[in-house]
Amino acid sequence: MRRTDRLFELIQCLRDGRLHTASALAEQMEVSVRTIYRDMDTLVASGIPVEGERGVGYILRAPVFMTPMSLTQVELEALHLGAALVRQTADAELQQAAARVLTKVDQAMPEPMSGTQDGFGKEIFAAPAVAASFANMPILRQAIREQEVLLIAYDTLDGRHSRRHIRPLQMEYWGRAWTCTAWCELRADFRVFRIDNIQTILRTNRRFEITAETSLSRYMERFASE
């Protein structure tokens, strides 16, 4: 978690008006107590009305309001529908992130949204293959961000099994399944893998460089020309 995200989460925790110990906050944020001490010093220095001291605990004595946000009804509908889609078609980490985004938006709105229907009267129903991809998605997303080569055990639709080192570039959602576009080192070419057909994924801690010939833009150019 980035430090800015953690600071926001700390504010969210303190908004209940109760006393929170540094150790409890550290456990919740999965950081050290020393990190919580530094974060609290940062919040106080930035003007957040946090009171407390090390060894005792911290409490928020005054309400904190986020920057006002103005969204149209249609924009809100798009946002809530997108969050509903993520909650049904993405892994647990992204599902939780979608819920936090809506919480931040609702709190930043100048008028309360407690009466707004979640999803604005729309529902998403994901195919079974979508949920089967959830276990593999977090490591793929991280590898895409960090440009890390992964070793996968993969079963094709016709039942063949293979092990490959891939350089993941992008994940795609097709309505009934997730796929991952990657540069396959075995084939020295682009390949698209159904994520629910990946049996195992191992991290290699080996980084890859994106070149003109192995980039996602190059793949899209080839895809468009076919």
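The values are calculated or read from the model by the stated rules, or taken from the named source; none is laboratory data. Quantities reported herein were computed from a predicted structural model and do not represent experimental measurements. Note that we place each Cβ from the backbone using ideal geometry, even for glycine, and neighbour counts take in every protein chain shown. SASA here: full protein model, heavy atoms, side chains in, ligands and nucleic acids out. Shrake-Rupley method; radii C 1.70, N 1.55, O 1.52, S 1.80 Å.
Name the residue, out of M137, M40, M171, whose mean-square fluctuation peaks in a Gaussian network model built on the chain with Cα pairs under 10 Å.
M40
Select from segment 14-64 those GluC sites (Glu not before Pro) which occupy a DSSP coil region and have at most 16 other Cβ atoms within 10 Å, ordered by residue number.
Loop-located and lightly packed - E30.
What residue among T200, T211, T179 has the largest mean-square fluctuation in a Gaussian network model of the chain, using Cα springs under 10 Å?
Answer for the Gaussian network model of the chain: T211.
Over segment 117-217, one equal point on each Cα, no solvent: what is log10 I(q)/I(0) by the Debye formula at q = 0.14, 0.22 Å⁻¹?
With one equal scatterer per Cα and no solvent, log10 I(q)/I(0) is -0.54, -1.16.
May I ask which residue of S162, Q28, A62 lies farthest towards the positive end of the charge dipole of the chain, with charges of +1 (Lys, Arg) and -1 (Asp, Glu) on Cβ and the Cα centre as origin?
Checked the options; the winner is S162.
Express the relative contact order of the chain as a whole percentage, based on alpha carbon pairs under 8 Å and six or more residues apart in sequence.
Relative contact order comes out at 13 percent.
Give a residue-ordered list of calculated ³J(HN,Hα) values for segment 137-148 (Karplus: 6.51 cos²θ - 1.76 cosθ + 1.60, θ = phi - 60°; whole Hz; x for Gly, Pro).
Once rounded to whole Hz, the list reads 5, x, 5, 5, 4, 5, 5, 5, 4, 9, 6, 10.
Kindly provide the trypsin sites (Lys or Arg not before Pro) of segment 118-187 that DSSP labels as loop, not H, G, I, E or B, and whose Cβ sees at most 13 other Cβ atoms within 10 Å.
K122, R160, R176, R187
Considering only protein heavy atoms and a 1.4 Å probe, what is the carbon-and-sulfur percentage of the accessible area of the chain?
Percent of accessible area from carbon and sulfur atoms in the chain: 53.
With +1 on each Lys and Arg Cβ and -1 on each Asp and Glu Cβ, how big is the dipole of the chain about its Cα centre, in debye rounded to the nearest 20? Please report the intermediate quantities before stating the final value.
Numbers: 28 positive and 29 negative charges, 129 e Å.
The calculation lands at about 620 debye.
What number comes out for accessible area per residue over the chain if the probe is 1.4 Å? Units Å², please. Please report the intermediate quantities before stating the final value.
Numbers: 13430 Å² over 226 residues.
Accessible area per residue: 59 Å².
Which value, in Å to one decimal place, does the Kirkwood hydrodynamic radius take for the chain when every pair of different Cα atoms is included?
Evaluated on the chain, it is 20.8 Å.
With the cut-off at 20 Å, report for segment 166-226 the share of all Cα pairs above it, as a whole percent.
Counting pairs separated by more than 20 Å, the tail of P(r) holds 27 percent.
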